[in-house]
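The values are calculated or read from the model by the stated rules, or taken from the named source; none is laboratory data. Here the structure is a predicted model, which is why all the values come from computation and not from measurement. Reconstructed Cβ throughout: ideal geometry from the backbone, glycine too, with neighbour counts over all protein chains shown.
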Amino acid sequence: MTLEELQEIKAGEELARSQKKKSIHVCVAAGCMSQNAEAVLNTIEGQLKEKGLAKDIDVKGVGCMGLCAAGPLVSIEPENRMFQEINQANAFLVTDNLEKGKKTTNDLASDSPFFKRQYKIVTENCGVINPERIEEYIAFDGYLGLYTVLHDLDQNEVVQNLIKSGLRGRGGGGYPTGLKWSTVAKAVGAKKYVICNADEGDPGAFMDRSVLESDPHRILEGMAIAAYAIGADEGFIYVRAEYPLAISRLKVAIKQAERKGLLGNNIFGTTFNFTISIRLGAGAFVCGEETALIASIEGGRGTPRPRPPYPAESGLWGKPTLINNVETFANIAPIIRKGAEWYASIGTETSKGTKVFALAGQVVNTGLIEVPMGMSLREIIFDIGGGIPGGRKFKAVQTGGPSGGCIPEEFLDIKVDYESLTKLGSIMGSGGMIVMDENSNMVDVARYFMEFCMSESCGKCVPCRVGTAQIYDILTKFAERRATEADLTLLEELCDVVRNTSLCGLGQSSPNPVLSTLKYFKHEYMERIQAEVNQE
Amino acid sequence: MPAYPVKVQPPTEDKRWGLVMATMKRHGYQSNAMIETLHTVQESFGFLDDDSLRFVSKALNVPLSKVYGVATFYHFFTLKPQGKHTCVICMGTACYVKGAGELMETIAKKYNVHPGETTDDGNLSLVTARCIGACGLAPAGVFDGEVNGKLTAADTLTKLTKWE
């Protein structure tokens with residue numbers, strides 16, 4: 001592959017697009033797929049053929065359009081007109097109303113705040129390109145970043161670019177990505193590895209799945225750039241077995257990239273070689289922790305080990321290894337293409353760029369959103385999310401999954417970035433955001449997350465294995481109104497011990513849901529104590 | 001450890017072992033291919049029985065204890081045969097706050113089966129999932145591989161009655 005060939009593919013795609021009058025996009029990501037989007041795609045194709053419009057109008061399956069609650073979604077481009085809840089029976093609404101201006105019952109306002117308030121970098125191609133065609137990714141400047149890096153930048157310049165951009169790890173920790181890259185780049189060793197962590201285990205989070213399903217090539221390009229920067233020639237994508245669609249699209253993408261010479265030996269005519277293989281997870285939350293993930297790729301039980309040594313020095317098979325999250329890799333190509341300064345201009349002082357959130361729970365517009373760092377929770381939940389359904393009252397928003405915490409209404413106006421959420425006792429996490437209304441019982445929520453941590457604890461270290469079970473027991477006492485004052489003290493102490501003495505992040509952060517609900521909703525715990533006293 | 005892979009014969013003549021052998025071959029009979037191999041076994045046979053664990057252990061030259069350890073560590077692997085139909089109810093946070101717990105109770109009550117178990121007649125396996133990533137459609141479930149969103153207790157029972 002040369003730059004000319006890349007541009008040729010791009011030109012070819014643009015020509016093909018210009019020959020069609022319109023193009024109809026049908027969302028075929030997992031959310032809409034589960035509502036029969038594939039049948040909708042076929043129906044629309046069939047109807048266009050009947051009308052003799054197949055030549056003028058292109059129909060294709062695209063990645064996630066974001067508003068999963070209203071799926072299956074269909075849009076008509078280039079005017080960006082959207083339809084919601086299209087099924088086989090009402091697909092004619094789309095094909096009969098191709099002309100502008102006609103209103104239908106299933107119109108979806110594409111200028112609503114849900115779409116307008118977003119800022120898309122990671123998901124810029126989601127809902128735009130067909131994820132199973134590499135040509136379409138190339139048409140939107142795909143693999144140009146990789147070319148630039150291989151031909152115009154040396155390894156150190158790539159790392160410096162990343163440092164300047166201010167990108168931080170999107171898996172939850174928020175460790176500066178550039179710094180991580182430079183550590184692995186400096187590590188001694190002829191063999192190094194790049195790993196993409198796609199073991200999205202947080203319940204209530206589906207950002208990574210959507211990106212993998214909608215734009216898999218973006219991840220491959222990000223990984224290849226990383227491999228060049230740190231001097232690796234082999235990469236792994238560790239993806240959950242629960243995401244069959246993402247796995248199959250990744251496989252297709254890797255094959256296409258290999259065929260085009262964008263993965264393999266002598267990429268873009270340079271001496272740079274890079275191959276990627278997929279490894280399947282098998283349903284263990286702890287494997288999101290980097291050392292546990294490495295153990296799992298090595299074929300064993302996914303149990304973490306103490307750090308240091310960090311994977312940057314001694315990771316997969318004892319070799320220096322770079323591990324980044326899917327969303328982190330998805331940010332790399334745009335940073336290279338548009339420049340570190342551009343990226344650093346978005347977001348807040350300490351947290352640059354955008355963040356993808358999976359908005360779910362008791363909120364009107366559930367789905368996938370991408371917003372600049374520093375947007376307030378109120379804007380996210382009430383403007384973009386459309387507020388709470390049924391006129392009920394907002395109670396709390398849970399961020400960061402089982403490692404995060406619940407944030408009550410009085411803090412809705414804080415600007416979302418890594419530091420502000422940590423200060424509130426929650427974390428950014430990978431981006432799950434669950435909204436709860438007045439009907440939610442916070443002790444139950446804390447107990448739900450503790451049950452999760454208890455059963456997902458790998459059992460290697462005592463504080464986590466025993467502590468989470470004990471905390472769960474105490475919370476059950478509260479739920480059944482058998483708790484006493486002493487239990488409350490014990491609960492607080494236990495949380496402190498588990499947080500400070502556990503081996504890995506899972507254990508250390510497992511008390512967070514309890515601590516944050518204790519902090520903001522202590523009366524709900526107290527009510528359950530007093531109820532018992534009153535009965536006596 | 002021998003320098004070359006020792007060819008181990010599958011426990012039965014079943015053709016499905018061919019798929020398992022292919023997976024192991026693709027990874028060069030390396031011990032780190034164990035999880036991939038177990039995935040293939042489960043895909044082909046539905047569950048991991050003692051014979052298959054012994055076979056994987058021998059073929060990849062890994063102690064049986066280690067294979068058993070891996071097979072029981074990960075939730076995805078099951079050592080028991082599944083029912084004729086499988087119903088997975090997602091218990092992710094989004095589904096939980098939208099009432100997945102009640103769905104589960106309804107099913108458990110009607111069919112007298114607990115999560116992770118199969119009914120006595122071997123017809124229905126009830127499984128919980130941590131999160132199937134369909135949070136936008138909560139509460140969600142998977143019925144014999146088909147994802148369904150925005151479930152109500154009535155919907156779910158209608159679907160299950162069809163399998164009776």
| Only one of these conditions is not met by A:ALA232: (1) in a loop (DSSP other than H, G, I, E, B); (2) within 14 Å of chain B (Cβ to nearest Cβ); (3) of a type in the set (A, V, I, L, M). Which number is it? | (2)
| Residue ID - nearest to B:GLN82 (Cα to Cα), chosen from residues in the stretch B:24-54 that are aromatic (Phe, Trp, Tyr) and within 14 Å of another protein chain (Cβ to nearest Cβ) | B:PHE47
| message | I want to confirm something. Restricting to the stretch B:35-66 and keeping residues that are out of contact with any Asp or Glu (no Cβ under 9 Å at 6 or more places or on another chain) and among the hydroxyl-bearing types (Ser, Thr, Tyr), which single residue is surrounded by the fewest Cβ atoms within 10 Å (Cβ to Cβ)? | response | B:SER65
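Could you list all residues from the stretch A:141-162 that are part of a helix (DSSP H, G or I) and under 22 Å from the mean Cα position of the chain (by Cα)? Explain how you work it out, then say what you get.
Looking only at the stretch A:141-162, we keep the residues that are part of a helix (DSSP H, G or I), and these are A:144-152, A:155-162.
Residues satisfying the conditions are A:GLY145, A:LEU162.
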| Residues in the stretch A:70-91: is at least one of a type outside the set (Asp, Glu), within 22 Å of A:PRO131 (Cα to Cα), part of a helix (DSSP H, G or I) and not assigned by TED's automatic domain parsing to the domain that holds A:GLY269? | yes
| request: Please identify the pairs in which a residue from the stretch A:214-243 that is more than 30 Å from A:GLY31 (Cα to Cα) has its Cβ atom under 7 Å from the Cβ atom of a residue that is among the polar types (S, T, N, Q) and outside any strand (DSSP E or B), counting only partners at least 6 apart or on another chain. | output: A:TYR228/A:GLN155; A:ALA229/A:GLN155; A:GLY231/A:GLN155; A:ASP233/A:ASN273
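Got a sec? Which helices (runs of 4 or more DSSP H) wholly within the stretch B:13-72 have at least 2 residues that are hydroxyl-bearing (Ser, Thr, Tyr)? Walk me through it before giving the result.
Numbers: elements: B:17-26, B:34-45, B:50-59.
Counting at least 2 such residues, we get B:34-45, B:50-59.
Given the criterion within 27 Å of A:MET442 (Cβ to Cβ) and more than 8 Å from chain A (Cβ to nearest Cβ), identify the matching residue among B:LYS84, B:LYS150, B:LYS98.
Details: B:LYS84 fails: within 27 Å of A:MET442 (Cβ to Cβ); B:LYS98 fails: more than 8 Å from chain A (Cβ to nearest Cβ).
Exactly one of B:LYS84, B:LYS150, B:LYS98 is within 27 Å of A:MET442 (Cβ to Cβ) and more than 8 Å from chain A (Cβ to nearest Cβ), namely B:LYS150.
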| field | Unmet requirement for A:GLY281, which otherwise passes all of (1) in contact with a Leu (Cβ under 9 Å, 6 or more places away or on another chain); (2) modelled with pLDDT of 95 or more | value | (2)
| request: Tell me which residues, restricted to the stretch A:428-437, are away from chain B (no Cβ under 11 Å) and modelled with pLDDT of 90 or more. | output: none
| field | Pairs with Cβ under 8 Å, 6+ apart, first in the stretch A:35-61 and surrounded by fewer than 18 Cβ atoms within 10 Å (Cβ to Cβ), second β-branched (Val, Ile, Thr) and part of a helix (DSSP H, G or I) | value | A:GLN47/A:THR95; A:LYS51/A:THR95; A:LEU53/A:THR95
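Out of the stretch A:504-526, which residues are assigned to a loop (DSSP other than H, G, I, E, B) and in contact with a Lys or Arg (Cβ under 6 Å, 6 or more places away or on another chain)?
Hit for the stretch A:504-526 is A:PRO511, nothing else.
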| query | With respect to the numbered conditions (1) in a loop (DSSP other than H, G, I, E, B); (2) away from chain B (no Cβ under 14 Å), which one is the sole condition not fulfilled by A:MET65? | reply | (2)
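Can we say B:GLU164 is more than 9 Å from chain A (Cβ to nearest Cβ), over 23 Å from A:MET436 (Cα atoms) and surrounded by 15 or more Cβ atoms within 10 Å (Cβ to Cβ)? So that I can check it myself, show each step before the final result.
Numbers: more than 9 Å from chain A (Cβ to nearest Cβ): yes; over 23 Å from A:MET436 (Cα atoms): yes; surrounded by 15 or more Cβ atoms within 10 Å (Cβ to Cβ): no.
Criteria not met by B:GLU164.
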| said: Residue under question is B:THR12, and the condition is that it be of a type in the set (S, T, N, Q), within 14 Å of chain A (Cβ to nearest Cβ) and surrounded by fewer than 16 Cβ atoms within 10 Å (Cβ to Cβ); does it hold? | reply: no
| query | Of these, B:ILE89, B:ILE132, which one is crowded, with 22+ Cβ neighbours inside 10 Å, within 14 Å of another protein chain (Cβ to nearest Cβ) and outside any strand (DSSP E or B)? | reply | B:ILE132
| request: Scan the stretch A:296-327 residue by residue and report those that are assigned to a helix (DSSP H, G or I) and either more than 10 Å from chain B (Cβ to nearest Cβ) or of a type outside the set (A, V, I, L, M, F, W, C) (or both). | output: A:SER296, A:GLY318, A:VAL326, A:GLU327
| field | Qualifying residues in the stretch A:171-207 (those that are touching a Ser or Thr at 6+ places or on another chain (Cβ under 9 Å), over 27 Å from A:PHE272 (Cα atoms) and away from chain B (no Cβ under 14 Å)) - the one surrounded by the most Cβ atoms within 10 Å (Cβ to Cβ) | value | A:GLY171
